[in-house]
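Some notes on the structure that comes next.
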Amino acid sequence: MILNAVDNCRTTHISPSQLHIQYFGRWDKTDANNYRCAQGAVYIKLNFTGTSIKAKLQDRTNYWKVSIDNGPFRKLRPSIGTTTLAEKLSPGLHKLLLVRMTEGIQGISCFQGFILDGDACILRPDALKKRRIEFIGDSITAGAKNSPATDIPNPDYYDMEDNDLAYGPQLARMLEADYSVLGVSGEGLIHQWDEIRPYNRVHTADRYKWTLYSDSFRGNQLWDAEQFPVDAILICIGTNDFIDQKPDFEVETYADFDGRNRIPEQAEFIKSYTELLKTVRSVNPEAAIICIEPVPAWVGADVRYWICLSINQLKAKGDKNLHYIPLNVPEPLLQEADYANDLTHPTAEGAKKIALYLKDKVANIMQWQ
């Protein structure tokens, strides 16, 4: 195995631009010494030798998790300077998987390389998987509330989020695919969960073309899809646009709320949905776009019909690689026990239920045997 080692294997600091480090999801690689990410569930793979490995990961706001040799994950928050990922390993070849758990809204992570033992080296990576899927959505796609933080007193929202255990990454693993996730809590097609008219904030169709998360229209680097080309894109969006009709929604949850005219009309929804589909298509000319209805059944049947109308409009104009999968027909896919006590955010097991439901349907669309 050592015959596959790269040159200069005694170098302890491994630059992020080293060829044999594999990156998945959306990364800004403009600076060869400082790779940045601000989307959920991006990840890194590395094969290396030695008895320890550290990361130069500048990130004080996000959670990550690490697995060595396909073992169980360990959750961590990066330290100032270097973060120990593993130590006291047996000599020989090891495999590392490092995953960002927290969605992009929590800020930019800066990866500046690995630190290995003085006599260790990195090795050629495993072959890439032949399939790649991208997932677009809101907090459900981001994995909000799916990872109870039982070891933290009074955990906050992001203490309980593991984007890698949302339905998307679980589905990708079932289909033997790598993945990219663009899931943003509170995100809507037309308005954010707490936004009032004139709805002039950043929304999904605005943000999709950007490499990193941003809530501003200024200075965003456009994403080059050739860095991580995907075969299929799954879109699950709309829950926050209909949040007013959630059974336990309270208008007092934010100030100065005028609840009138917050539930979209058919024309308004279709206009925004087709805009998103056209934006996604402009970045991915050949990929299959698969639309699924919002997960919570309380969003209602109108949305299913409106999504189908949006798809049919674009199909009539020549885009034949658009598809639709309902979730809550003839009955809701998830039950109350599948949610994190709010009828909106699935637990990790609830997300697995969604992934299992979608597995064969997506495989059939993609003709993946």
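Check whether at least one residue in the stretch 78-98 is buried (at least 17 other Cβ atoms within 10 Å of the Cβ), touching a residue at least 40 places away in the same chain (Cβ under 8 Å) and closer than 17 Å to TYR35 by Cα, and report yes or no. Taking every residue of the stretch 78-98 in turn, at least one turns out to be buried (at least 17 other Cβ atoms within 10 Å of the Cβ), touching a residue at least 40 places away in the same chain (Cβ under 8 Å) and closer than 17 Å to TYR35 by Cα. State whether one or more residues within the stretch 237-255 are polar (S, T, N, Q), at pLDDT 95 or above and outside the structural domain of TYR23 (by TED's automatic domain parsing). Within the stretch 237-255, one or more residues are polar (S, T, N, Q), at pLDDT 95 or above and outside the structural domain of TYR23 (by TED's automatic domain parsing).
Against the condition in contact with a helix residue (DSSP H, G or I) (Cβ under 8 Å, 6 or more places away or on another chain), under 21 Å from ALA142 (Cα atoms), assigned to a loop (DSSP other than H, G, I, E, B) and among the hydrophobic types (A, V, I, L, M, F, W, C), how does LEU333 come out, does it pass? Full working, then the answer.
On the way: in contact with a helix residue (DSSP H, G or I) (Cβ under 8 Å, 6 or more places away or on another chain): yes; under 21 Å from ALA142 (Cα atoms): yes; assigned to a loop (DSSP other than H, G, I, E, B): yes; among the hydrophobic types (A, V, I, L, M, F, W, C): yes.
When the stated conditions are applied, LEU333 passes them.
The C-beta contact set for the stretch 127-153 (first residue of a type in the set (A, V, I, L, M), second residue modelled with pLDDT under 95, distance under 6 angstrom, 6+ apart or interchain) comprises ALA142/GLY40; ALA149/PRO155. Scanning the stretch 79-123 for residues that are under 22 Å from the mean Cα position of the chain (by Cα) and aromatic (Phe, Trp, Tyr) yields a total of 1. Hey, does the stretch 110-123 have a residue that's farther than 21 Å from LEU57 by Cα and surrounded by 23 or more Cβ atoms within 10 Å (Cβ to Cβ)? Within the stretch 110-123 (the criterion being farther than 21 Å from LEU57 by Cα and surrounded by 23 or more Cβ atoms within 10 Å (Cβ to Cβ)), the answer is no, since none of the residues qualifies.
If you go through the stretch 300-323 and keep only what is of a type in the set (Gly, Ala, Ser), within 27 Å of the chain's Cα centre (by Cα) and not in a helix (DSSP H, G or I), you end up with just GLY300. For the criterion of being over 28 Å from VAL230 (Cβ atoms) and either crowded, with 20+ Cβ neighbours inside 10 Å or among the hydrophobic types (A, V, I, L, M, F, W, C) (or both), THR102 fails.
The values are calculated or read from the model by the stated rules, or taken from the named source; none is laboratory data. Remember, predicted model here, so these are calculated numbers, not experimental data. As a convention, Cβ positions derive from the backbone with ideal geometry for all residues, glycine included, and neighbour counts pool all protein chains shown.
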